[in-house]
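Chemist: Just dropping this structure here.
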Amino acid sequence: GWHHGHAGLVLDENYVLECVKWGEESEIVKVSHWRTYSNYVVMRVKNASSEEAEMVAKYAKENLCGVPYRLSVGVLSGKLLDRKNKMFGTHCGHCVWYAWKMFGYDLDSDGGRIVTPYDVMMSKEVEIVQVYGMNPKIFM
């Protein structure tokens, strides 16, 4: 009933940081598994240099891997992570937003309490690099 999608943060040509499902922690997985999805959109932050993207990836590897999946982040806690909060956690859209937010880029297109993959995709801060398996006019 809720069309939400999925998001991951590309760390390099081989790996992606993902928050997949309730009860699991965020983890680094091979980018190749995205080829099993029926559709996807590859985006990049428009004004970020390759050096900034590398810093975001490094930060994410060091700070956002192994974080509990919490769909409620932003609702039962603030959007910014606080490891002392018992509701500490992240989810796929939030994880991507959070990593870039730490470097001054706000990818939450509607500024709401929850950051969804759709919010990131609709952000004016990102541009589409590749679309597979869907009509890009649907979300443009």
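Chemist: The conditions are (1) part of a loop (DSSP other than H, G, I, E, B); (2) out of contact with any strand residue (DSSP E or B) (no Cβ under 6 Å at 6 or more places or on another chain), and Gly66 fails exactly one of them. Which is it?
Modeler: The number of the failed condition is (2).
Chemist: For the stretch 98-140: of the residues being in contact with a helix residue (DSSP H, G or I) (Cβ under 7 Å, 6 or more places away or on another chain) and of a type in the set (Ser, Thr, Tyr), which is nearest to Lys46 (Cα to Cα)?
Modeler: Among those residues, the one meeting the criterion is Ser109.
Chemist: Follow-up. For residues that are out of contact with any Leu (no Cβ under 9 Å at 6 or more places or on another chain) and surrounded by fewer than 17 Cβ atoms within 10 Å (Cβ to Cβ), tally how many sit in the stretch 6-39.
Modeler: So the count comes out to 18.
Chemist: If we scan the stretch 42-50, do we find a residue that is of a type in the set (A, V, I, L, M), touching a residue at least 24 places away in the same chain (Cβ under 8 Å) and open to solvent by 70 Å² or more (accessible area, probe 1.4 Å)?
Modeler: no
Chemist: Filtering the stretch 119-138 down to residues that are in contact (Cβ under 8 Å) with a residue 40 or more places away in the chain, more than 21 Å from His91 (Cα to Cα) and not charged (D, E, K, R), which residue is surrounded by the most Cβ atoms within 10 Å (Cβ to Cβ)?
Modeler: That would be Val131.
Chemist: While we're here: Where the second residue is hydroxyl-bearing (Ser, Thr, Tyr) and not in a strand (DSSP E or B) and the first is more than 29 Å from Phe88 (Cβ to Cβ) and lies in the stretch 17-41, which pairs have Cβ atoms under 7 Å and are six or more apart or on separate chains?
Modeler: Within 7 Å, no pair qualifies.
Chemist: Take the residues of the stretch 85-118 that are at pLDDT 90 or above, assigned to a loop (DSSP other than H, G, I, E, B) and open to solvent by 30 Å² or more (accessible area, probe 1.4 Å): which is nearest to Val67 (Cα to Cα)?
Modeler: Only one residue fits best here, namely Met102.
Chemist: Just checking, how many residues over the stretch 54-83 are closer than 14 Å to Phe103 by Cα, of a type outside the set (D, E, K, R), open to solvent by 40 Å² or more (accessible area, probe 1.4 Å) and modelled with pLDDT of 85 or more?
Modeler: 3
Chemist: Here are some conditions: (1) in contact with a strand residue (DSSP E or B) (Cβ under 7 Å, 6 or more places away or on another chain); (2) under 20 Å from His6 (Cβ atoms). Val56 meets all but one. Which one does it not meet?
Modeler: Here Val56 meets the rest and fails (1).
The values are calculated or read from the model by the stated rules, or taken from the named source; none is laboratory data. Note that the coordinates shown come from a computational prediction; the quantities given were computed from them, not determined experimentally. Using ideal geometry, Cβ is built from the backbone for each residue, glycine included, and neighbour counts are taken over all protein chains shown. We work out accessible area using only protein heavy atoms, side chains counted, and drop any ligands, DNA or RNA first. Shrake-Rupley method; radii C 1.70, N 1.55, O 1.52, S 1.80 Å.
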